[in-house]
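First comes the structure, then the notes that go with it.
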Amino acid sequence: MINSLDNKNYDLEESLKVENLTSSDYEEICKRLGRKPNRTELGMFGVMWSEHCCYRNSKPLLSRFPTSGKNVLVGPGENAGVIDVGNNQKLVFKIESHNHPSAIEPFQGAATGVGGILRDIFTMGARPIAVLNSLRFGNLDKASNISLLRGVVSGISHYGNCVGVPTVGGEIDFNESYSGNPLVNVMALGLLETDEIVCSGASKIGSPVLYVGNTTGRDGVGGASFASSELTTNSLDNRPAVQVGDPFIEKSLIEACLDAFKTGDVIAAQDMGAAGLTCSSAEMAANGGLGVSINLDLVPARENNMSPYQYLLSESQERMLLVVKQNKLNELIKQFQKWGLYARVIGEVISTQEVIISHKNNVVAKIPTSALSDETPINIHNVLREPPDYLLNKWKWTEDQLPSFKKNGIISLKDKKKYSWSNIILKLLSNPSIASKKWVFQQYDSQVQSNTVFKPGESDAAVIRLRSQDEKDKKQKFSGVAASVDCNSRWVYLDPYRGSIAAVVESARNVSCVGAEPLAITNNLNFSSPETKIGYWQLASSCEGISEACIALETPVTGGNVSLYNESKNEKNEITPIFPTPVIGMVGKITNIDDAICSGWKNVGDQIWIIGSNNSELTLAASSYLEYFHGLITGRPPKIDLDDEKLCQSFLRESILSNYIISSHDVGDGGLAIALAECCILSSKGATINLEAQNNREDNLLFSEGGSRIVFSINRKNESKFVEFTKKKIKNLNINIFVKKLGYVSPKNFNISFQEKEICNIRVDELTEKFNNGISSHFK
């Protein structure tokens, strides 16, 4: 082999622009190499030093997250987090984004987002058992947004359905800020099938580096850098940076890898995801404290005349890099080939801490592993000391600025028409952000693997049965895990700190509502450019809120993803940033899935109750009612008392496991009236509710948000026992927690009275019609 580096001249200024590197980055690269990089090496640094790979803008903020806890086995730094869920079972989970690829190629962008997160899971030695997604689109009055929605949902359903992993839940929201930049966040869960967690650090000098899976092509070249830049009117030119997936190869890869991991003959494993072969080889070497040599001539290629740059930066899907035992190499290769996969030795582990890449008998890259992955550049930003003026002005808003209810109606500030309370409830239920996501869920296979306890939309969190590892134990009661993804982007926009606290507590509340104990989170921080003062302040404030809430609820962060530069630029160079969207993926455990409950009422005559905090604020500020009915996005989101929140959830779980509470649903978007209506719709039963005076405004009673509130039902025969149980628990917990009876489940109508005056009476079938067609009605 000729030991010579390809040092052909290249346009430095243009190359740095392509790789999203700065002139100071280039100087640091030269310093670390002791020479100028060639074009291939520059590309390798470009992807490894991108925000997507090294978190150069967010790392100082992420370091403040609580990452350890009694259940955490693996925290941030590996392919996914791992927690102990009891019964000698370990749950692997993570969330990732595929926002920019989905914006320009929605089907493949979303499909490969699913494929990528699944590989993060099974790379650890876990079988994927569930997928959830959090999606954001622009308003559906634009044909382009409908097209993006259709394409993304089709991509998710195609890949998930074909690969055989159920899509069990998620959330979708619509706002104009996402019109040019939709968000596609996918969370996956897996159950460890190996005795040991498979990690990514290479070890044992001379061990073969085995490439397995699909072939390498030019698709996805530079995808990590593309994901770390803003979208413009020219972004369609970056379609080659969008990967193309094959779920059937992914299915073979899952089974082949899990079989190989169980043998104990795989020393280390790394998915070839963002930054492809560059990232997987560099991280393997760095994590193991060794080096790796790769011969690109041995890489299975699907296209001719590929350059070293294209081999190294390709993000072709369904590919893995393994370090394996030399004496078991042939057996492993046969095992992978049995599944119809490519399996070739493309290099070896070396003693010198370098990544050495050769192509056509030339060394085309030779980089110290520490240069690529250690002490990567950090962009230093100053955080605003005070909230920006536009928010301070919005926080001055009060409910007194709204019109009052007069003569059987209230005037909407949005369309100047008069509506009754019943009309407003129906109007909110039909808004796509609140309405049923049935049109989406029905395209997903939620029942494959036969472990999904509730169908999507039936419960506040997804519940997955964990089958016994001991197949002989036929009498064992199944334990389960619950999972939820959540974020109220409007709240985060109006107060990143309070809004991010709310995202954590609502995801935990959803898990508690099914009877499960929240254990840990993964997060996906979707924000605009950190290079603006407001953008970075939003990110910093959000991270502070997440940290505080996770510490209070004892739900540490096990990993996640940061997606910045989520903004679109039009032909006039006008930039529209998205609403800041820190999506929280919460997981919890339940000892016996027979104890899990869903959201809909159970029996006519059951009593309807509510629990909440007297310390937490209740307000129409930042509410769905304010935005969707009055057309205002203003006010300050309510403050949440974290101590009370934790106590409310603890009381709820204990009441569920004591068989008192038989259904529960958190009060979220749209307030109490919408939460009650949703319980009616899910059960095809009505409710008769009598509200007490807490506020002079009836719209506050119906549609205010906050308060750590949860509505639930109990069997009326258990009322006296439940009241006694509640007295004991509340006395031992906190006087600031209230538990009140609201009414009872009725046969057909949703009826609300206030001070013995009926203010709402709607047939359940009318509620259902509006709720179920809120999204699909926009397609006609």
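The values are calculated or read from the model by the stated rules, or taken from the named source; none is laboratory data. Fair warning: this is a prediction, and the values are worked out from it, not measured in the lab. Here the Cβ positions follow ideal geometry from the backbone for every residue, glycine too, while neighbour counts run over all protein chains shown. Just so you know, the surface numbers come from the protein's heavy atoms only, side chains and all, with ligands and any DNA or RNA stripped out. Shrake-Rupley method; radii C 1.70, N 1.55, O 1.52, S 1.80 Å.
Can you work out the FRET efficiency for the pair LYS721 and GLN447, with r the C-beta to C-beta distance and R0 = 51 Å, to the nearest 0.05?
Values: r = 36 Å, r/R0 = 0.71.
The calculated FRET efficiency here is 0.90.
With the helix formula -39500 (n - 2.57) applied to DSSP H stretches of n ≥ 4, the chain reaches a computed 222 nm mean residue ellipticity of -10000 deg cm²/dmol. Over all Cα atoms in region 692-780, the spread is summed up by Rg and Dmax: 17.2, 55 Å. In percent, rounded to a whole number, the relative contact order of the chain is 15, using alpha-carbon pairs under 8 Å and six or more apart. Among (i) 91, 67, 48; (ii) 86, 66, 60; (iii) 81, 78, 60, which one is Cα extents along the principal axes in Å computed from these coordinates? Only one option fits the structure, namely (i).
Take the Cα radius of gyration of region 111-192 and divide it by 2.2 N^0.38 Å, N being the number of residues; the result is 1.16.
Under the 0.36 nm per residue contour assumption, what length would be gained going from the current alpha-carbon distance of ASN614 and LYS572 to full extension? Don't jump to the answer; show the numbers that get you there.
Numbers: separation 42, 0.36 × 42 = 15.12 nm, distance 4.95 nm.
Length difference between fully extended and current span is 10.2 nm.
Centre-to-centre, using Cα atoms only, region 301-321 and region 675-742 are separated by 58 Å. A cut-off of 5 Å between modelled amide H atoms, ignoring neighbours fewer than 5 places along the same chain, links ASN133 with GLY169, GLY170, GLU171, MET187. Taking only the Cα atoms of region 545-668, the ratio Rg/Rh comes out at 1.04, with Rh defined as the Kirkwood radius. Ignoring lysines fewer than eight residues from LYS437 along the same chain, the ones with Cα atoms less than 19 angstrom from its Cα are LYS142, LYS427, LYS455, LYS770, LYS780. The peptide list 107-119, 299-311, 478-490, 695-707, put in order of mean Cβ contacts within 10 Å with the highest first, becomes 107-119, 478-490, 695-707, 299-311. Region 1-139 gives an Rg/Rh value of 1.06, both radii derived from C-alpha positions and Rh following Kirkwood. For region 631-780, the C-alpha radius of gyration divided by 2.2 N^0.38 Å, with N the number of residues, is 1.13. Cross-link partners for LYS94 among the lysines, with Cα-Cα distance under 21 Å and sequence neighbours closer than 8 places in the same chain left out: LYS59, LYS70, LYS251, LYS589.
Provide the packing ranking of 620-627, 87-94, 445-452, i.e. peptides ordered by the mean count of other C-beta atoms within 10 Å per residue, highest first. Show your work: numbers first, answer last.
Numbers: 620-627: 24.9, 87-94: 22.9, 445-452: 16.5.
The peptides rank, most packed first, as 620-627, 87-94, 445-452.
Distance from the alpha carbon centroid of region 86-125 to that of region 554-602 works out to 14 angstrom. Distance between the C-alpha centres of region 135-150 and region 750-780: 25 Å, rounded to the whole angstrom. Straight-line cross-link partners of LYS360 among the lysines, defined as a Cα under 21 Å from its Cα and at least 8 positions apart when in the same chain: LYS8. For ASN603, no residue has an amide H sitting under 5 Å from its own, ignoring neighbours fewer than 5 places away on the same chain, with H placed 1.01 Å from N.
What accessible area per residue comes out for region 35-164, rounded to a whole number of Å², with a 1.4 Å probe?
On a per-residue basis, region 35-164 sits at 27 Å².
Solvent-accessible area per residue for region 407-566 at a 1.4 Å probe radius, Å²? Don't skip to the answer; put the middle values down first.
Details: 5540 Å² over 160 residues.
Accessible area per residue: 35 Å².
Over the C-alpha atoms of region 16-71, the Rg to Rh ratio, Rh being the Kirkwood estimate, stands at 1.15. Dividing the alpha-carbon radius of gyration of region 494-589 by 2.2 N^0.38 Å (N being the number of residues), what value is obtained? Taking N as the residue count of region 494-589, the ratio is 1.19. For region 415-523, a simple Cβ point-charge model (Lys and Arg +1, Asp and Glu -1, everything else neutral) yields a dipole of about 440 debye relative to the Cα centre. Shown for region 92-152 is the translational diffusion coefficient from the Stokes-Einstein equation, using the Kirkwood radius over Cα pairs, a temperature of 4 °C and a viscosity of 1.567 mPa s: 103 µm²/s. Element breakdown for the chain at a 1.4 angstrom probe: carbon and sulfur atoms account for 46% of the accessible area.
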